[in-house]
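The structure under discussion appears below in the form of structure tokens.
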Amino acid sequence: SKECVKNPPLPLNTVSMLKLASRVLGISPKDTMRVAEDLYLRGLISYPRTETSKYPRHFDIKSCIHMQTSHENYGEYATKLLDLNFVPKLNRGVDCGDHPPITPTGAGTTHGKEKRLYDMIVRHFLASVSPPCVYSQSIAKFRCSKEEFEASGLRVLEPGFTELLPKSCPACTWVFYLS
């Protein structure tokens, strides 16, 4: 057995948002950009056209998390994250010098595709500033007569960011094979 760490996902840039929305939500890239631009114009997310996947050093993570504490779906997680006083690693990702990563900038009522995309952006943001997932990986090898067998398994020790993301998220799908 050995203890392993899975880091949280990088902050969202345009390409990663489009891929996630397509894969997880089933929304086409064209529709995703239209919906993201509507969310931006309503003041709910930051500018959705960016290549940057790294938070700037001056980015106020705590305020952005605090904005989500009253939300019915992830408010409890946001509150817990603030209580942890966890300091995320801001040196991960790439700063392309354009706009900062896509993050929630407000809370408001949404519905349909807007609600689904906004939810994905908020969950991804909270996951990206969360502790890593810590798990134990075990491999057992044994022989019975002339046959050799091998079994392996994972056991989550601290779920970290995977506690928030849905099972369909590519960043943590592997964790859900455990149950």
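The table below gives the values:
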{"read-out": "Greater than 20 Å apart at Cα, pairs in 2/54; 2/89; 54/115; 30/62; 30/113; 2/141", "value": "2/54; 2/89; 54/115; 30/62"}
{"read-out": "Additional length obtainable on full extension of the chain from residue 47 to residue 144, 0.36 nm per residue less Cα span", "value": "28.9 nm"}
{"read-out": "Estimated dipole of the chain in Debye, rounded to 20 [Cβ of Lys and Arg +1, of Asp and Glu -1, Cα centre]", "value": "340"}
{"read-out": "Calculated FRET value between residue 152 and residue 92, using beta carbons and R₀ = 22 Å, to 0.05", "value": "0.20"}
{"read-out": "Per residue accessible area of the chain, 1.4 Å probe, in Å²", "value": "58"}
{"read-out": "From phi via Karplus (6.51, -1.76, 1.60), per-residue ³J(HN,Hα) for the range 44-59 in Hz, x at Gly/Pro", "value": "8, 9, 6, 4, x, 10, 8, 9, 6, 10, 9, 6, x, 4, 8, 5"}
{"read-out": "Percentage relative contact order, the range 1-145, counting C-alpha pairs under 8 Å, at least six apart", "value": "41"}
{"read-out": "Extension gain from residue 67 to residue 16, taking 0.36 nm per residue of separation minus the Cα-Cα distance", "value": "16.1 nm"}
{"read-out": "Three-way shape label, the chain, alpha-carbon gyration tensor, a/c 1.5", "value": "prolate"}
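The values are calculated or read from the model by the stated rules, or taken from the named source; none is laboratory data. Note that the structure is a prediction, hence the values are computed from the model and not measured. Glycine also receives a Cβ, built like all others from the backbone with ideal geometry; neighbour counts cover every protein chain displayed. All accessible areas refer to the heavy atoms of the entire protein, side chains included, with ligands and DNA or RNA removed. Shrake-Rupley method; radii C 1.70, N 1.55, O 1.52, S 1.80 Å.
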